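S.K.: Can you read through this structure? Questions will come right after.
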Amino acid sequence: MATKTESDPTRLDDAARAGWLYYVAGNTQDEIARKLGISRQTAQRLVSLAVSERLIKVRLDHPIAHCMELAEKMKDRFGLKMCEIVPSDPVNPLSIIGLAQAAATEMERHLKAAEPKVIAFGTGRALRASVDQLPAMDCPQHRIVSLLGNMNSDGSASAYNVIIRMADRINARHYPMPLPVFARSTEERTLLHNQEPVHNILELSKKADVTFVGIGNMDETAPLFIDGFIDRSELDALNAAGAAGEITSWVFDGDGQLIEGLTNSRVASAPLVPFSEKPIVGIAAGDLKVDSILGALAGHLVNGLITNEATAELLLAR
């Protein structure tokens, strides 16, 4: 119960003034003391009184509040371990800058850990943009490993591989996958995976403490198709089989189940790990990615998601 002095209207007026100066105007307690002509200790007590008497009510009235609400709904609906929703850009809905910044923040949180970690990465535009947002760091205690190669059958490489670029920024030991995205046959994939360097990288990927992947769509704008890793006939066959999306070139349907045969019989990437106990964070947004993200969530191929508010609203509406 407040004392008579504390509940005195004049005292509460002073507390309200001190609370306003501190929480709204952003003054320090020294500045409040000077402006109100009181000691710093009195200013501190007045600010505390403003809180205890519930004179201060905090309301977060900003687009980020909506994002936080969406993130909680996403976690509840899809059983996610983590979810970060960034504001959408109404002028440029395809922008991935916000996604990249949020993903870089999550990556940095793991990279700052003192204990050694194995951090695994897929590839793609969103991941490449995320790595570009990372500050220069010195992380020799960590190992970063690629989940897939980035070479096409003709030897050309994708521009969106992230491991080498990331290693330059954070000074960590890195393990790129020296493989094409697709082998020419199931037998060739087995031979490639049995090579000692590749086998060691695949084993290391199994030990990943956290994994970051993109989630690709499987329509005519599919990264696998646009970047030349599959041709039109392969894309059509995958879609006829119910393809909804892909992660590290493993193609899955709307329930998150891998498509049998077709390109999945030749994909050289590390296997996907459904229902993983370790964080697997998908980074994706946009109307074209909704079916892909839903499939990945349905199959528990990811347990973390970084997306934007427009995409989250579409996911929750389905």
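S.K.: Which condition from (1) out of contact with any Ser or Thr (no Cβ under 6 Å at 6 or more places or on another chain); (2) without any contact (Cβ under 8 Å) to a residue 40 or more places away in the chain is the one that His66 breaks?
M.R.: His66 satisfies all of (1) out of contact with any Ser or Thr (no Cβ under 6 Å at 6 or more places or on another chain); (2) without any contact (Cβ under 8 Å) to a residue 40 or more places away in the chain except (2).
S.K.: Kindly state which helices (runs of 4 or more DSSP H) lie completely within region 146-238 and contain at least 1 residues that are among the charged types (D, E, K, R).
M.R.: 163-170, 186-193, 196-206
S.K.: Another question, then. Looking at (1) farther than 17 Å from Arg125 by Cβ; (2) touching a Ser or Thr at 6+ places or on another chain (Cβ under 8 Å); (3) buried (at least 23 other Cβ atoms within 10 Å of the Cβ), which is the one condition that is false for Leu301?
M.R.: With respect to (1) farther than 17 Å from Arg125 by Cβ; (2) touching a Ser or Thr at 6+ places or on another chain (Cβ under 8 Å); (3) buried (at least 23 other Cβ atoms within 10 Å of the Cβ), Leu301 is out only on (2).
S.K.: In region 222-236, which residues are at negative phi and either in contact (Cβ under 8 Å) with a residue 60 or more places away in the chain or of a type in the set (Val, Ile, Thr) (or both)?
M.R.: Pro223, Ile226, Asp227, Phe229, Ile230
S.K.: Picking from Leu80, Leu60, which residue would you name as being in a loop (DSSP other than H, G, I, E, B) and at pLDDT below 85?
M.R.: Leu60
S.K.: From (1) modelled with pLDDT under 95; (2) out of contact with any Ser or Thr (no Cβ under 9 Å at 6 or more places or on another chain); (3) of a type in the set (A, V, I, L, M, F, W, C), pick out the condition that doesn't hold for Ala240.
M.R.: (1) is the only condition that Ala240 fails.
S.K.: Then there is this: Find all pairs meeting these conditions: Cβ atoms under 6 angstrom apart; at least six residues apart or on different chains; first residue within region 196-217 and touching a residue at least 12 places away in the same chain (Cβ under 8 Å); second residue open to solvent by 80 Å² or more (accessible area, probe 1.4 Å) and of a type outside the set (D, E, K, R).
M.R.: Listed by first residue and then by second, the contacts come to Asn217/Leu288.
S.K.: Now for a different question. Among the residues of region 267-298, how many are in a loop (DSSP other than H, G, I, E, B), charged (D, E, K, R) and open to solvent by less than 50 Å² (accessible area, probe 1.4 Å)?
M.R.: 0
S.K.: Those residues that are more than 20 Å from Arg189 (Cα to Cα), in contact with a Leu (Cβ under 8 Å, 6 or more places away or on another chain) and modelled with pLDDT of 90 or more, I need them from region 135-166; list them, please.
M.R.: Residues satisfying the conditions are Met137, Cys139, His142, Arg143.
S.K.: Let me ask another. Out of region 239-249, which residues are surrounded by fewer than 21 Cβ atoms within 10 Å (Cβ to Cβ) and either part of a loop (DSSP other than H, G, I, E, B) or touching a helix residue (DSSP H, G or I) at 6+ places or on another chain (Cβ under 9 Å) (or both)?
M.R.: Ala241, Gly242
S.K.: For region 83-129, how many residues are part of a helix (DSSP H, G or I), exposed (fewer than 14 other Cβ atoms within 10 Å of the Cβ) and modelled with pLDDT of 90 or more?
M.R.: 1
S.K.: Out of the residues in region 130-147 that are buried (at least 24 other Cβ atoms within 10 Å of the Cβ) and small (Gly, Ala, Ser), state the one that is nearest to Glu108 (Cα to Cα).
M.R.: Step by step, filter region 130-147, then rank; the result is Ser130.
S.K.: Let me ask something else. Any residue at all in region 304-316 that is within 16 Å of the chain's Cα centre (by Cα), buried (at least 23 other Cβ atoms within 10 Å of the Cβ) and assigned to a helix (DSSP H, G or I)?
M.R.: Yes, there is a match, as at least one residue in region 304-316 is within 16 Å of the chain's Cα centre (by Cα), buried (at least 23 other Cβ atoms within 10 Å of the Cβ) and assigned to a helix (DSSP H, G or I).
The values are calculated or read from the model by the stated rules, or taken from the named source; none is laboratory data. What you see is a predicted model; the values in this text were computed from it and never measured. Please note: Cβ atoms are built from the backbone with ideal geometry, for glycine as well, and neighbour counts cover all protein chains shown. Note: areas computed on protein heavy atoms with side chains; ligands, DNA, RNA excluded. Shrake-Rupley method; radii C 1.70, N 1.55, O 1.52, S 1.80 Å.
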